[in-house]
């Protein structure tokens with residue numbers, strides 16, 4: 001029992017140390033980051049994600065900077081039964097571009113790389129159904145990611161231990177029509 005507890009503590013310490021090495025976008029500007037983003041690709045070791053990744057579709061994030069450096073995020077997820085919508089507050093922790101989202105089980109969210117006008121690479125360390133996992137998402141201002149955006153994603157996700165077979169490019173969907181939406 002003691003060895004199991006020690007193993008769990010060591011694993012948690014290793015995970016915390018690994019997270020600490022993930023840097024945020026230098027001089028992150030939440031105002032420039034605000035607006036509509038498409039989630040065009042994802043990579044994760046989450047068992048729920050891996051079981052569903054071949055059926056996921058491109059989703060959107062309408063983001064607005066809040067007072068205090070946080071983000072208000074409106075998410076839309078297309079599915080077989082229409083468009084599911086979720087609103088969440090990304091609470092600033094530490095430096096600009098570093099957040100936590102208690103409502104979604106996101107323990108650590110970092111904007112790792114962005115040019116604000118075409119792409120962003122987002123790192124998420126989360127807890128879902130009692131399991132800890134790492135996810136990296138590629139945001140694009142359009143449904144078609146640029147080669148520069150895809151390269152930024154491919155350069156980053158191996159640095160957090162995610163292999164190529166855990167990556168998926170998300171197909172477009174008409175279930176949610178972001179063109180009609182305003183950023184909240």
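The values are calculated or read from the model by the stated rules, or taken from the named source; none is laboratory data. This structure is a prediction, so every number in the text was calculated from the model and none was measured. So basically every Cβ, Gly included, is an ideal-geometry build from the backbone, and we count neighbours across all protein chains shown.
The set of residues from the range 94-106 being touching a strand residue (DSSP E or B) at 6+ places or on another chain (Cβ under 8 Å) and at pLDDT below 95 comprises 102, 103, 104, 105, 106.
Yes/no matrix, rows are residues, columns are (1) surrounded by fewer than 17 Cβ atoms within 10 Å (Cβ to Cβ); (2) under 23 Å from residue 52 (Cβ atoms):
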residue: 109; (1), (2): no, yes
residue: 114; (1), (2): no, no
residue: 122; (1), (2): no, yes
residue: 147; (1), (2): yes, no
residue: 173; (1), (2): no, yes
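What number of residues within the range 25-57 satisfy the criterion of being under 16 Å from residue 121 (Cβ atoms), buried (at least 17 other Cβ atoms within 10 Å of the Cβ) and modelled with pLDDT under 95? Count: 1. Report yes if some residue within the range 25-35 is within 22 Å of residue 100 (Cβ to Cβ), in a helix (DSSP H, G or I) and free of Cβ contacts under 8 Å to residues at least 60 places away in the same chain; otherwise report no. Yes: one or more hits. Residues satisfying the criterion are present in the range 131-144 (criterion: more than 21 Å from residue 62 (Cβ to Cβ), touching a helix residue (DSSP H, G or I) at 6+ places or on another chain (Cβ under 7 Å), in contact (Cβ under 8 Å) with a residue 40 or more places away in the chain and surrounded by fewer than 20 Cβ atoms within 10 Å (Cβ to Cβ)).
Selection within the range 46-75: residues that are in a loop (DSSP other than H, G, I, E, B) and touching a strand residue (DSSP E or B) at 6+ places or on another chain (Cβ under 9 Å). The member of this set that is farthest from residue 137 (Cα to Cα) is 68. Would the range 76-85 turn up any residue that is more than 23 Å from residue 149 (Cβ to Cβ) and part of a loop (DSSP other than H, G, I, E, B)? Taking every residue of the range 76-85 in turn, at least one turns out to be more than 23 Å from residue 149 (Cβ to Cβ) and part of a loop (DSSP other than H, G, I, E, B).
Across the range 63-107, the qualifying residues are those that are touching a helix residue (DSSP H, G or I) at 6+ places or on another chain (Cβ under 9 Å) and on the phi > 0 side of the Ramachandran plot, and the one among them that is surrounded by the most Cβ atoms within 10 Å (Cβ to Cβ) is 97.
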